[in-house]
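Read-outs: derived from the displayed coordinates by stated rules, not from any lab. Please read these numbers as outputs of a predicted model, since none were measured by experiment. Cβ placement follows ideal geometry from the backbone for every residue including glycine, while neighbour counts extend to all protein chains displayed.
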Amino acid sequence: MATPGNSSLYNIDTGILKENACVILVKTEWNAAIVDALEAGCKKIFDTYKIRYQTLVVPGAVELPFAIKRHWERNKETAAAPDAFIALGCVIKGDTPHFEYVCDSVTQGVLQLNLLLPVPTIFGVLTVNTEEQARERIGGIHGHKGAEAAITALKMIHS
């Protein structure tokens, strides 16, 4: 089980952080209350470390990889080129196989982005059976997955 106590993720010993680092958060409209909390966790970490960020919104989780790739393509040779992306979403299992298709699509999409782009894309998508499980991951017994995604982005930028 992934709990805050069985990882050294929260130990940020990256040395000197990159000045003017920028992270693009790409979040979904589905399950907005959960996703907004994930975003807030990211922002708290970025504010602490003075990291610039911007949020883009897409309809659902399947659209996350496309929006990230399009943003990169439009900005890669400009001053607005980000140092990392974070895909934020929450997919809650229902009664149909749709859950598995969506989760697999977004997971494979983020994997492809990490192999294709020269900057990291962090997987900040909750894939849970219930809303209660999602809430446990936005500051509950399983920590705050938004904050963890932001810390992961910082570590990947500075590795």
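Determine the equivalent ellipsoid of region 20-157 by diagonalising the alpha-carbon gyration tensor, then write out the semi-axes as square roots of 5 times the eigenvalues, largest first, rounded to whole Å. Can you show the working numbers first?
On the way: eigenvalues 110, 65, 25 Å².
In descending order, the three semi-axes are 23, 18, 11 Å.
Compared with the direct C-alpha span, the chain from Glu29 to Lys44 gains 3.4 nm at full extension, assuming 0.36 nm per residue.
If you plug the beta carbon distance of Gln108 and Thr78 into 1/(1 + (r/R0)^6) with R0 = 25 Å, you get a FRET efficiency near 0.35.
What list do you get for Tyr101, Tyr53 if you sort them by fewest beta carbons within 10 Å? If you can, show how the numbers build up before the last one.
Numbers: Tyr101 12, Tyr53 20.
Listing Tyr101, Tyr53 from fewest to most nearby Cβ atoms yields Tyr101, Tyr53.
Here the residues Trp30, Trp72, ranked from fewest to most Cβ neighbours within 10 Å of their Cβ, fall in the order Trp30, Trp72.
Here the Karplus curve 6.51 cos²θ - 1.76 cosθ + 1.60, taken at θ = phi - 60°, turns the phi angles of region 89-101 into couplings of x, 8, 10, 9, 4, x, 8, 10, x, 3, 3, 5, 5 Hz, with x standing for Gly and Pro.
Return Ile86, Ile45 ranked ascending by Cβ neighbour count within 10 Å, so the fewest neighbours appear first.
On the way: Ile86 30, Ile45 23.
Ordered by Cβ neighbours within 10 Å, fewest first: Ile45, Ile86.
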